[in-house]
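Below is one structure, written out as structure tokens, with a few remarks after it.
Please treat every number below as a calculation from the coordinates, not as lab data. Note that the structure is a prediction, hence the values are computed from the model and not measured. As a convention, Cβ positions derive from the backbone with ideal geometry for all residues, glycine included, and neighbour counts pool all protein chains shown.
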Amino acid sequence: MNFLVDAQLPRRLTRRLQEAGHDAVHTLDLPKANRTPDNEISELSIKERRVVITKDEEFVSRFLVVHQPYKLLLISTGNIDNRSLEAIFVPRVPKIVATFQSHDFIELTRAGIVIHI
């Protein structure tokens, strides 16, 4: 599966996804890096069929209105250090990937995965 990790999230998530066999890029890897506008991130996600992983609620609003980006994973763990985020995220990658086979918008909380229909 293809992923695009947004600016507010650590680049390490990209590496963890790659280690799990997925194609993953961070906004830092894009030409405009973390200054890439949200609409360009959405367009790239559609073009390359990438799941956008973000904490940015603006992506949720856009997704609900115009169904962009391609697919969306909202991280809503609140304030959390990177190590704790990885501890929540990495073990759930297989379930996240499986869930995206039939859903377009899911959320990762401290307690688990929430499917939005």
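All of (1) in contact (Cβ under 8 Å) with a residue 24 or more places away in the chain; (2) part of a helix (DSSP H, G or I) hold for Ser84 with one exception: (1). Restricting attention to segment 92-117, the residues being touching a helix residue (DSSP H, G or I) at 6+ places or on another chain (Cβ under 9 Å) and β-branched (Val, Ile, Thr) number 6. Of the numbered criteria (1) buried (at least 17 other Cβ atoms within 10 Å of the Cβ); (2) out of contact with any Lys or Arg (no Cβ under 9 Å at 6 or more places or on another chain); (3) under 20 Å from Gly112 (Cβ atoms), the one Leu74 fails is (2).
Here is a check on your reading of the model: is Ile96 more than 19 Å from Ala7 (Cα to Cα), without any contact (Cβ under 8 Å) to a residue 60 or more places away in the chain, in a strand (DSSP E or B) and touching a strand residue (DSSP E or B) at 6+ places or on another chain (Cβ under 8 Å)? Taking the combined requirement at face value, the residue does not satisfy it.
For segment 53-77, a residue qualifies if it is of a type in the set (S, T, N, Q) and either touching a residue at least 60 places away in the same chain (Cβ under 8 Å) or farther than 18 Å from Asn2 by Cα (or both), and the qualifying residues are Ser61, Ser76, Thr77.
Residues of segment 99-113 being surrounded by 13 or more Cβ atoms within 10 Å (Cβ to Cβ) and either in a loop (DSSP other than H, G, I, E, B) or more than 14 Å from the chain's Cα centre (by Cα) (or both), which ones?
Filtering segment 99-113 for residues surrounded by 13 or more Cβ atoms within 10 Å (Cβ to Cβ) gives 99-100, 103-109, 113.
If the condition is that a residue be surrounded by 13 or more Cβ atoms within 10 Å (Cβ to Cβ) and either in a loop (DSSP other than H, G, I, E, B) or more than 14 Å from the chain's Cα centre (by Cα) (or both), then Phe100, His103, Asp104, Thr109 are the ones that fit.
The residue pairs whose first member lies in segment 12-24 and is under 19 Å from Lys71 (Cα atoms) and without any contact (Cβ under 8 Å) to a residue 60 or more places away in the chain, whose second member is in a helix (DSSP H, G or I) and of a type in the set (S, T, N, Q), and whose beta carbons are closer than 6 Å, counting only pairs six or more residues apart or on different chains, are Ala24/Thr14; Ala24/Gln18.
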